[in-house]
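The values are calculated or read from the model by the stated rules, or taken from the named source; none is laboratory data. For clarity, every value in this text was computed on a predicted model and none was experimentally measured. All Cβ positions, even for glycine, are placed from backbone atoms using ideal geometry, and neighbour counts span all protein chains on display. The protein model used for the area step is the full one, side chains on, heavy atoms only, and it has no ligands, DNA or RNA in it. Shrake-Rupley method; radii C 1.70, N 1.55, O 1.52, S 1.80 Å.
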Amino acid sequence: MMDVLLTGGDTELGRIIAEGFRDAGHQVVIAGSRRDELEVAAKELDVDSIVFDNTDPSSLEEARSQFPHHLDTIVNVPALRWDGGDPRTYTLTERANTWRAAMDATVLSAVLTVQILGDHLRSGGTIVNVVADNATEGSAEAAVKAALSNWTAGQATHFGIRGVTLNAVASGRGAEPGYDGIATTSPSVAAEITRLALFLTTPAARHITGQTLHVSHGALASFA
């Protein structure tokens, strides 16, 4: 049994991933900034929760005393709070807000969480950074995904000294209708992300670190 802390527990994706780790027999603590949603998820899953905003250094510092002293796994799930509407109609301010929100939710949140909790990880532990959506080329999400991938690869070298693996799990290009490699009822992206995150915590995955791994309903990353 592993001790797991999952951020973004106040999102649907976070709840699904937490449920997968719980069902696999692990001790899970979920975290998020939206108290009401987090408490509902914690009650439904019968797990502990910690309220903090992992894009805010002050909030993380205030919650420090609540963190589990020892962890085997950290799963960083982004919790985007900004919806700017149609990008084609953005003002300059709206575009700036969109890019900042995407960077904060996916990259800054992981950076700060790992900085404050990294020392809580046991040797041989695992960090998984999640990219929830398949980013459109040229979008803020695509730039943020590239930044997270680069940071993940760099941190893997640092944490590898302690035998800790660090990878990103990203939603890739989904299968198009009629693609032969897909069953009639394919698993949800959330379910695939959960299974891959779980696999990365196992002894069979100890050689995988510093990578960005995609889940795409079994489809190829690119189509000929």
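Observations on the model:
- Shape category assigned to the range 1-119 from the gyration tensor of Cα positions, a/c cut at 1.5: prolate
- Solvent-accessible surface (1.4 angstrom probe) belonging to Thr55, in square angstrom, nearest 10: 50 Å²
- Per-atom-type breakdown for the chain gives carbon and sulfur 51% of the accessible area (1.4 Å probe, protein chains only).
- Sequence of Trp151, Trp99 from largest to smallest accessible area, 1.4 Å probe: Trp99, Trp151
- Over the residues of the chain, the helix contribution to mean residue ellipticity at 222 nm works out to -11500 deg cm²/dmol, using -39500 (n - 2.57) for each DSSP H run of at least 4.
- Selection among Ala170, Ala132, Thr152 by position relative to the dipole of the chain gives Thr152 as farthest towards the positive end (Cβ unit charges, Cα centre).
- For the pair Glu44 and Gln211, the difference between a 0.36 nm per residue extended length and the Cα-Cα distance amounts to 56.9 nm.
- Here the Debye sum runs over all C-alpha atoms of the range 72-151 as equal scatterers in vacuum, and log10 of I(q)/I(0) at q = 0.18, 0.19 Å⁻¹ comes out as -0.75, -0.81.
- Whole-Å semi-axes of the ellipsoid equivalent to the chain (Cα gyration tensor, √5λ, descending): 25, 22, 18
- About the Cα centre, charge dipole magnitude for the chain (Lys/Arg +1, Asp/Glu -1 at Cβ), debye: 620 debye
- Note that the range 31-80 presents 54 Å² accessible area per residue, ligands and nucleic acids not counted, probe 1.4 Å.
- Asp36, Asp83, ranked by accessible area, largest first (probe 1.4 Å): Asp83, Asp36
- Here's the picture: a label point sits 7 Å out from the Cα of Arg95 along the beta-carbon direction, and within the range 119-155 the residues with their amide nitrogen under 13 Å of it are 139-140.
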